[in-house]
Structures are given as structure tokens and as C-alpha cells.
1. Which numbered condition in (1) open to solvent by less than 10 Å² (accessible area, probe 1.4 Å); (2) aromatic (Phe, Trp, Tyr); (3) modelled with pLDDT under 85 is the only one that residue 87 fails?
2. Is there a residue in region 185-207 that is on the phi > 0 side of the Ramachandran plot and surrounded by 13 or more Cβ atoms within 10 Å (Cβ to Cβ)?
3. Just one of 78, 149 is under 30 Å from residue 232 (Cα atoms), surrounded by fewer than 19 Cβ atoms within 10 Å (Cβ to Cβ) and modelled with pLDDT under 95; which is it?
4. Can you find, within region 48-70, the residue that is nearest to the chain's Cα centre (by Cα) among those that are over 18 Å from residue 4 (Cβ atoms), open to solvent by 30 Å² or more (accessible area, probe 1.4 Å) and not acidic (Asp, Glu)?
5. When only residues in region 44-87 that are in contact with a Ser or Thr (Cβ under 6 Å, 6 or more places away or on another chain) and among the β-branched types (Val, Ile, Thr) count, which is nearest to residue 16 (Cα to Cα)?
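The values are calculated or read from the model by the stated rules, or taken from the named source; none is laboratory data. What you are looking at is a predicted structure, and each value in this text was computed from that prediction instead of being measured. FYI the Cβ positions are ideal-geometry reconstructions off the backbone, even for glycines, and counts take in every protein chain you see. To get the accessible areas, we keep the full protein, side chains included, count just its heavy atoms, and leave off ligands, DNA and RNA. Shrake-Rupley method; radii C 1.70, N 1.55, O 1.52, S 1.80 Å.
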Amino acid sequence: MQSMLRYGDCVTVFSPQPLDKLPKGVAWRDANEIFPSQRILRYTGNGSPAIHANLFRYALLEKTNMVWVDLDIIALRPFDYSSPWIFGYEDKHTVNNAVLRLPKDSETLRLLRKIRPDTVGLPPFMTGIRRLKYKLRTFGRGMSIERWPWGATGPRALTYYLRLTGEIEHALPASDFYATPQADTEKFLIPNAVSRATLPRSAYCAHLWGKDLRALLNTKYNGRVPEGSFLDLALRGAL
């Protein structure tokens, strides 16, 4: 949030209850204004609330003119896009939704908004033998979205519907948001492995792949951020 504020962007955090200790200049709003948040939707397997965050961001795009930005993003310059389409590839095949804006009349957004907390079925992108296996396993009823595969309501659904509607033509290159791929997450913890100089000049931000980064910090670095690493510089506002 501090990195975004430094470049003059307006930042609003949504949560079901007010939050203490938000950085000065960050606005708070009740998440229930956008999407019912009395019950947080979580993956059955690992308890992650990523499902809830996915459905929330689609509702946000429909109801506001805001850009959704995950908080494992470090801004490198202002998010000054004039286009109503803001999303980018994370690799050759998949569009990530960590930075996302779709126009309110987007057909992709309309399809994403059809995924509801009470949705039961199978992900639309699931085909072939795998789809048949899941149908047999659930006696043809499908599954609640909390049992869907990881990313099924997020990047995988977004990419599928963007291709279906043709709106994927608006996708920006990975260099804009995801220049450091997920497989290289540890580089953010290795001094001098990632810096402003090594990132593309077109990069608007660095996506830290927070889930993987936290796991690496805990298992390999005893929770300590190595001095001189990209994460250290980001934390100190020294980028």
C-alpha cells in the first residue's frame, strides 16, 4: 500500500470490519457494500479465502470504477492506465487476476459474475476425462465452488472466459505486472537477484507471489528478510 501511495494512487481497503493501523492516506470501506462477507468462502482443502477474494473482485468491478490490486504487489510507477481493460499474462497461456479491471459491460465480467457462493457444478474449463471423472465421483451433481481446483474461480476462469469472448486481445504482456515468474519467487529474497535495473522498463509493479514468498521466508530464512533483497528494499521504500 505504501508503494502505491508513493506514486500518488488512491488506495481503498475493503474488509468486513474496520481495520486499525492502515497507512495514513489509505481509505477503508465496508466489504459488505460490495459483496456479502458475513461468511468468507474458503477452499475446503487448504482453507484459503482466495475464492471469496475472487468473487469479491468481480463484484467490485461491476459496482465501481476501481482497479483491483492484490496486496502482494509492489508498485513501481503510477497505475495511470486510461483503458478500461487492465489485466496481463503471467505466462504464455494464463492471465492472472492480481491486477484487474474490466468494463462494466464486459461479457467476460458477466460470465464471471454468474459464479455465486451457492454455485454447484464443475468449472467450465474442465473437459475430457477429468470432467467425466469428477461427474462420476459426484454422481453427476458436481461440486460446490469451495471444492473446485485451485484457481478455478480466479486465473483459470478469467483466462477461459477471456478466450471465449475474445476479450483476451486486451491482455498486456507479462512484463507489465508479472516480469518475475512464480517459479522464480525466491529471487525476491536473494540480494541483487531482482532490482529496478533488472525489471523491464515497462513494469508497473512487481508481483511477489505472496503465498510462495511467505512459505520460503518461513522454511528457508527463519522469517527474516535478507538485507539487500528486493523485499528488503521494498519494505524500506528504497526501490
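1. Every listed condition holds for residue 87 apart from (3).
2. Taking every residue of region 185-207 in turn, none turns out to be on the phi > 0 side of the Ramachandran plot and surrounded by 13 or more Cβ atoms within 10 Å (Cβ to Cβ).
3. Sole residue among the options that is under 30 Å from residue 232 (Cα atoms), surrounded by fewer than 19 Cβ atoms within 10 Å (Cβ to Cβ) and modelled with pLDDT under 95: 78.
4. So the residue we want is 49.
5. 51
Results for (1) touching a helix residue (DSSP H, G or I) at 6+ places or on another chain (Cβ under 8 Å); (2) closer than 18 Å to residue 98 by Cα; (3) at pLDDT below 95; (4) not in a helix (DSSP H, G or I), shown as yes or no for each residue.
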residue: 14; (1), (2), (3), (4): yes, yes, no, yes
residue: 21; (1), (2), (3), (4): no, no, yes, yes
residue: 28; (1), (2), (3), (4): no, no, no, yes
residue: 32; (1), (2), (3), (4): no, no, no, no
residue: 39; (1), (2), (3), (4): no, no, yes, yes
residue: 44; (1), (2), (3), (4): yes, no, yes, yes
residue: 52; (1), (2), (3), (4): no, yes, no, no
residue: 55; (1), (2), (3), (4): no, yes, no, no
residue: 58; (1), (2), (3), (4): yes, yes, no, no
